């Protein structure tokens, strides 16, 4: 691969993406990209049925029908690439089921890289091998961008995937379109001006539906950035690290060295994390711990007197709310999700239904859950200390720093396809064909 030691970050990322071939990618990394794509398709199959997704799809159809892109689960419907990316990205993130990175960095690979890349691959007639290489290129650059932010944009109220997503989508889609390195750098410059997304929904207690839109818009923005760059549209190449650039504008603390460190030798996609539960990732460790306790000791939700949860600063500041007014906000609340998991199977997305918002058992237990920061410097990450006190006085404690689906405990290809098939529901036959295509045994 070409020397990428000089130039701006956007130029370095562009040269990497342009030069990358499937032969450069270790087989296990390419397999992770396939897992990411299949998981995203399953999430989108499920998410497309939800009311907020239907609204977004109606807008996409009205503004972009008649294109070359098929939408899984929507036979006969074809959209142009930007509108397909908008719909698919929003579908994928529609119910808190889509992939991300561990440790968290505000990046969602399935919704903002894999699915917009799939839409563009259809439009340009790219091979599946080219698609997988493009997904790897987009993830390798986007994951590094997210890591360099130190997850600080969300401290100021930005929803990070809406900021990082356009960059990852622009790289993946631009590569599939055959953009030059200069055009790919311009695409990132354009993406920087399309980055958006606010966490007002998390603080206001109302309007959680908008969260789903952020990732659809990020996917759409990446496609738009690549298409404009292909037409010769120019933008600043110092968009990431330069004055008034991405890091300067959105972050209170940064690690710029991470933007290019190990690019092409250390594979950021190895940090891919796939979800088992339809909730924010900060709830996964305590839910898995609680469900394990319930299985080992044979108790249910009614037997629990109180729960104490200790975790990260972000868990306390962003995910400890106890007054969700819609299911989107409920999925964002660790106390609500933990209480729901005491009464319902959290691996079944149907458990997160609107009636859970008025379930007296869930609401009562939620109010008896306390969330505090871990002592002794454990203010970051997804690890938790969970203490459950039963009504008979039994006290159970567990520390959990990883869970199934994390890089330490990855899902197998069979598990990935199994999740996707379950999520596809009535469209399981179509999903099975996609599994065979992208994850051949």
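The values are calculated or read from the model by the stated rules, or taken from the named source; none is laboratory data. All figures in this text were calculated on a predicted structure; none of them were measured in a lab. Methodologically, a virtual Cβ is constructed for each residue, glycine included, from the backbone with ideal geometry; neighbour enumeration extends over all protein chains shown.
Odds and ends about this structure:
- Set 107, 136, 120, 113: member being surrounded by 21 or more Cβ atoms within 10 Å (Cβ to Cβ) and part of a loop (DSSP other than H, G, I, E, B): 107
- Residue in the range 80-98 that is modelled with pLDDT of 95 or more, in a helix (DSSP H, G or I) and more than 22 Å from the chain's Cα centre (by Cα) present: no
- Qualifying residue in the range 228-235 (condition: out of contact with any strand residue (DSSP E or B) (no Cβ under 7 Å at 6 or more places or on another chain) and on the phi > 0 side of the Ramachandran plot): yes
Okay, residues lined up against (1) closer than 16 Å to residue 275 by Cβ; (2) out of contact with any helix residue (DSSP H, G or I) (no Cβ under 8 Å at 6 or more places or on another chain); (3) modelled with pLDDT of 95 or more:
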| site | (1), (2), (3) |
| --- | --- |
| 334 | yes, no, yes |
| 341 | yes, no, yes |
| 344 | no, no, yes |
| 363 | no, no, yes |
| 376 | no, yes, no |
| 385 | no, yes, yes |
| 393 | no, yes, yes |
| 397 | no, yes, yes |
| 411 | yes, no, yes |
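- Selection over the range 178-195 of residues that are more than 16 Å from residue 241 (Cα to Cα) and more than 24 Å from the chain's Cα centre (by Cα) gives a count of 6.
- Every condition in (1) in contact with a helix residue (DSSP H, G or I) (Cβ under 7 Å, 6 or more places away or on another chain); (2) closer than 19 Å to residue 143 by Cα; (3) assigned to a loop (DSSP other than H, G, I, E, B) holds for residue 266 except the one numbered (1).
- Screening the candidates 204, 193 for the property of being assigned by TED's automatic domain parsing to the domain that holds residue 259, more than 23 Å from residue 438 (Cα to Cα) and without any contact (Cβ under 8 Å) to a residue 12 or more places away in the chain yields one hit, 204.
- Failed criterion for residue 262 (all others in (1) without any contact (Cβ under 8 Å) to a residue 40 or more places away in the chain; (2) over 30 Å from residue 32 (Cα atoms) hold): (2)
- Helices (runs of 4 or more DSSP H) fully within the range 300-380 that include at least 3 residues being under 25 Å from residue 42 (Cβ atoms): 327-331, 334-343.
- Selected residue (only one of 347, 373, 288 is surrounded by fewer than 17 Cβ atoms within 10 Å (Cβ to Cβ) and in contact with a strand residue (DSSP E or B) (Cβ under 9 Å, 6 or more places away or on another chain)): 373
- Yes/no for residue 215 being modelled with pLDDT of 95 or more and under 29 Å from residue 331 (Cα atoms): yes
- Residue within the range 15-37 that is farther than 30 Å from residue 414 by Cα and either at pLDDT below 95 or more than 25 Å from the chain's Cα centre (by Cα) (or both) present: yes
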